[in-house]
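To start, the structure itself, in structure tokens.
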């Protein structure tokens, strides 16, 4: 199995679940030629090209325009195969499913950020609150 290796580093900020953020760094090393991927997922290279044309998978390209598939790309192809072969979803449906999954992830991230802001505000308000010393006694005497 021919395997080409490249180093790709991607950093993104994510919520730490406690109101802050943390950086996640992903390093992807393995990339494969289209013929290798076709063998790995038991499909024709033309099918992989069609998935790319539809925007369902986006392999990297070399300066010579050769497609290089990462392990994540291969997993994406396997998800497509699961939807189409196991669940009977057509490719238009796969596009919709992936679009909805991306939208759900975006909404989840927004909700996490909003929750983090809310928690930070509540903590800030707790610090600002000063306990009353009057214990229910009125101003007039």
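Per-residue extension of 0.36 nm, minus the Cα-Cα distance of residue 104 and residue 121, leaves a gain of 3.6 nm for this segment.
With a Förster radius of 25 Å applied to the C-beta separation of residue 71 and residue 42, the computed FRET efficiency comes to 0.90. Computed from the Cβ-Cβ distance with R0 of 22 Å, the FRET efficiency linking residue 60 to residue 96 stands at 0.30. Relative to its residue count, segment 52-108 spans a Cα convex hull of 94 Å³ per residue.
A short reminder: the numbers here are calculations on the coordinates, not readings from a lab. Source: prediction; values computed, not measured. Every residue, glycine as well, gets a Cβ built from its backbone with ideal geometry; the counts of neighbours run over all protein chains shown.
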